[in-house]
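I have placed the structure first, in the form of structure tokens, so that the comments after it can refer back to it.
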Amino acid sequence: MERLRIAGEARLAGEVTVSGAKNSALKLMAAALLAEGRTVLREVPAILDVTYMGRLLQRMGCELDTTDGALSIDVPANIEHEADYDLVRRLRASITVLGPLVARCGRAKVALPGGDSIGSRGLDMHVTGLAKLGAEVHIEHGYVVAEAAKGLVGTTIELDFPSVGATENLLLAAALATGTTVIDNAAREPEVVDLCAMLTGMGAKIEGAGTSMLRIEGQETLSATEHVTLPDRMVAGTWLIGAALSRGDVTVHRARAEHLDIVLEKLTMAGATVTSGPDWVRLELADRPRAVEISTLPYPGFPTDLQAMMVSLAAVSEGTSMITENLFDGRFRFVQELARLGADVRADGHHAVVRGVPKLSGAPVEAPDIRAGAALVLAGLVADGETVVSGAHHLDRGYPDLDGVLTRLGAKVSREPDDLDADL
Ligand code: EPU
């Protein structure tokens, strides 16, 4: 266990380059299971979740190699169809192996995943979708068990909600099903589009990527491919919000402004000047930010993964902001920690009302998940005095070289062991 010690009254300024998206890379790694042979993924972020996903693939018989800055995954002809709890519990994305395993092995046994404690996070759409594709699926002893001895058969699946994970799992399963599958009300997130691009490179036939109707013509086999992971819009967004919060000036390279449309619009409304090119975004803000209203929605709506950072921004903005969370029921739990830094936040169900204060004040706080952790770090950077954020491992799950990036942007951050019992 480690904690981050952050000196307050920082102003983030400078340049940073983001690597590939966590929420893309993890699914691309699962997609590799669909084809025997060597898949090469580039721009895979150096984060803990990638390490865990790599171990999971190794358990399935894959060999992994990370020389030359790329991740090579050698997938054998016969893969192990079980994914145990000890690894799966560490990250929600491990459920993405379910679709490829049923498609390739005709059966799968995957532990119910863990991941962030940000709400109930059901799997009903993954399960009913696979059942519609012809698998027999049931939950027993903490595992999702799926069997499709005669293979999967294409069908039309209408999702109740454009779930990112369910869309991806069903897309992966459908790629090796017999016949055509239509996923209606599919997620349109750029990471889903990235997965479609990789699958197309493997020989899959997919129409409608980026729309809410995906049509997948199943193939008998797919071939291993090379793919460059999409840049991480959440990491880019975090540093841009950090620039706004600290009245700084940050240019994020390898960022795609079109994937951050609504975020940049809100930051502009908060008073920032945003400029961008094909693969960079710059944000400058000299005065105190102004309050803005945010309501999270599936893409292209405001991303839930940047909600917490916007609460931190609202905490120091001029005026009162109403923030609405529509995706995860537990995503306001962290506001208690933000309140420890002097924020005036009241959260009730899906809504948080944030009254901006002129200054936050440094304190010890605990990061409950990746994004809330990032929000607390940003708040600590602009607080008076020092802030110590426990649970640094949560941030390491999603932010490569966190300390290095913050230092390059002018912050003073150090890391130390966090022995919870040391003071008892
Ligand atoms: N849901 C169900 N049933 C299902 C599937 C989802 O009820 O079968 C619910 C969930 O409980 C949740 C909502 O639908 O309330 C959205 O879930 P979704 O499936 O869209 O999200 P996810 O695939 O579990 C991914 C990202 C999250 C990101 C969300 C929304 C990964 C590994 N995770 O989660 O990222 O917040 O999409 O964009 O891709 C993060 O990176 O910090 C993170 C949590």
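The values are calculated or read from the model by the stated rules, or taken from the named source; none is laboratory data. Just so it is clear, the structure is predicted and the values come from calculations on it, not from any experiment. Here the Cβ positions follow ideal geometry from the backbone for every residue, glycine too, while neighbour counts run over all protein chains shown. These accessible areas exclude ligands, DNA and RNA; they are computed on the full protein's heavy atoms, side chains included. Shrake-Rupley method; radii C 1.70, N 1.55, O 1.52, S 1.80 Å.
List of remarks:
- Computing FRET efficiency as 1/(1 + (r/R0)^6) for I139 and R55, where r is the C-beta to C-beta distance and R0 is 22 Å, gives about 0.40.
- Choice from L222, L130, L240 showing the highest fluctuation, given a GNM over the chain with Cα pairs closer than 10 Å: L222
- Cα centroid separation - region 139-202 against region 393-416, whole Å: 35
- The HN-Hα couplings worked out from phi for region 394-406 by the Karplus form 6.51 cos²θ - 1.76 cosθ + 1.60 (θ = phi - 60°) are 4, 5, 5, 5, x, 10, x, 6, 3, 5, x, 5, 4 Hz, whole numbers, x standing for Gly and Pro.
- The stretch between T66 and A149, if pulled fully straight at 0.36 nm per residue, gains 26.4 nm over its current Cα-Cα span.
- If you run the Gaussian network model on the chain, springs between alpha carbon atoms under 10 Å, then out of E265, E80, E15 the most flexible one is E265.
- Under the Karplus curve 6.51 cos²θ - 1.76 cosθ + 1.60, θ = phi - 60°, whole-Hz ³J(HN,Hα) for region 173-187, x wherever Gly or Pro sits: 5, 5, 4, 10, 7, 7, x, 9, 10, 10, 9, 9, 6, 6, 5
- Residue with peak Gaussian network fluctuation, the chain [Cα springs, cutoff 10 Å], from I95, I262, I139: I139
- Expressed as a whole percent, the accessible surface of region 24-228 that belongs to carbon and sulfur atoms is 44, based on a 1.4 Å probe.
- Restricting attention to the chain, close to 70% of DSSP beta bridges with both partner residues there are antiparallel.
- Mean ellipticity per residue at 222 nm, deg cm²/dmol - from DSSP H runs of n ≥ 4 across the chain, formula -39500 (n - 2.57): -8500 deg cm²/dmol
- Per-residue extension of 0.36 nm, minus the Cα-Cα distance of T324 and E9, leaves a gain of 110.6 nm for this segment.
- Global geometry of region 24-228, whether rounded, prolate or oblate, following the gyration tensor of its Cα atoms and the 1.5 cut on a/c: rounded
- Spin-label pair E2-D384: with each label point 7 Å from Cα along the Cα-Cβ axis, the two points sit 3.1 nm from one another.
- Projected-area mean, the chain, by convex hull of Cα positions, square nanometres: 19.1
- Between region 3-60 and region 300-348, the C-alpha centres lie 26 angstrom from each other.
- Prolate/oblate/rounded label for region 305-366 (Cα gyration tensor, a/c 1.5): oblate
- Probe 1.4 Å, accessible area per residue of region 129-170, Å²: 49
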